[in-house]
Amino acid sequence: MHRISHLFLAAISLAPSLALTAEPPRDYIASRLATLEPDKVIVYKKIADRELELRLFLPEGWAATDRRPCFHLIHGGGWAGMDPSRMYPFAADFAKRHGMVGISVQYRLYKPGTATVFDCVKDVRSSVRYVRSHAAELGIDPEKIVVSGGSAGGHLAAATALFDEVNEDSDDLAVSCRPDALILLFPVIDTSKEGYGNEKIGERWQELSPVRHVRSGLPPTLTFHGTGDTVTPFAGAKAFHEAMLAAGNRSELDINEGGVHGYLMREESLYEDTMKKSADFLRSLNTLPPDKP
């Protein structure tokens, strides 16, 4: 009995040491959130008693009469979690470094019996319509709206260009929600059983599977994806990229060998690499002027 107690106590004494030496999960994005607050919050949509917001980060010297490019961001979380703050660093950095109006979007989260993935799609499409129709008061160029998102947010970003039949009844469909460019971060791009989200969407999954809706005339698209992603498998991103090219669209696929889901949000160097490549892509489209640092 004495020997058992001795071993038990020894194990307890080692536990703190093991806890201290274990490396915590790295998340560069999360480490920055405490220092970031939007400059302006706007309600873009009301559903019953729910108000949905746009969180705006404004560049230095911004005025409502400006015509600045917009970086419109949609957070991930499997359509069911997280919130707009997850994309604050991207919005803040594009505003500060490149003079864009950075916007992080709030949308209804998926919850069985309350909100579907179709509702998430409707909200983000409404959000782009709001920005484009209010561009004159937001200091935004309505022809330079870049939509971006990570994971399920990447799916919703693509949805603003792809799913023309999924719209809120109250939306003015005369206002286009088609972005002028897409930047997709490890997106949900295939909602089949081989991809992600099949069970959440249900029998109508094909209606919301980006890889099945590629056609000519889609916005120029830059996609970041890791080959080690087991959440939103890399095969979907590759198939989407190839389908985009086959349809005559501009598509670039930035591949991170071995990168797991969310890789570019975990380390500062990977985040900075994403920011640089995104800015270069936007310069190539004349969305950003070539002399911007």
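What to note about this one:
- Calculated [θ] (222 nm, deg cm²/dmol) that DSSP helices of n ≥ 4 give over the chain, each run adding -39,500 (n - 2.57): -11000 deg cm²/dmol
- When you filter the trypsin sites (Lys or Arg not before Pro) in the range 182-230 for DSSP loop state and at most 10 other Cβ atoms inside 10 Å of their Cβ, you are left with Lys193.
- Residue order, fewest to most beta carbons within 10 Å, for Ile140, Ile42, Ile74: Ile42, Ile140, Ile74
- Computed over all pairs of different Cα atoms, the Kirkwood value for the hydrodynamic radius of the chain is 19.9 Å.
- The range 242-284-the range 174-221 distance, computed between alpha-carbon centres (Å): 17 Å
- Here the gap between Thr114 and Arg250, fully extended at 0.36 nm per residue and compared with their Cα-Cα distance, gives a gain of 45.2 nm.
- Going from the fewest other Cβ atoms within 10 Å to the most, the residues Leu282, Leu109 appear in the order Leu109, Leu282.
- Lysine pairs in the range 25-284 with Cα atoms under 26 Å, if 8 or more residues apart or on separate chains: 27
- Net charge over other residues, Cβ less than 10 angstrom from the Cβ of Arg108 (K, R count +1; D, E count -1): +2
- With the convex hull of its Cα atoms as the shape, the range 117-207 has an orientation-averaged projected area of 5.9 nm².
- Cβ-based exposure ranking for Thr232, Thr116, in which fewest neighbours within 10 Å come first: Thr116, Thr232
- Cα-Cα pairs of the range 157-212 separated by more than 14 Å (percent): 58 percent
- Over the range 144-290, the hull volume per residue, using the convex hull of the C-alpha atoms, is 117 Å³.
- Debye intensity ratio in log₁₀ form over the Cα atoms of the range 210-257, taken at each q of 0.14, 0.17, 0.20, 0.28 Å⁻¹: -0.31, -0.45, -0.61, -1.03
- For the chain, the relative contact order comes to 15 percent (Cα pairs under 8 Å, sequence separation of at least 6).
Every read-out reported here was derived from the displayed coordinates using simple, explicitly stated rules and does not represent laboratory data. Values in this document were obtained by computation on a predicted structure and should not be read as measured data. Heads up, the Cβs are rebuilt from the backbone with ideal geometry, glycines too, and the neighbour counts pull from every protein chain shown.
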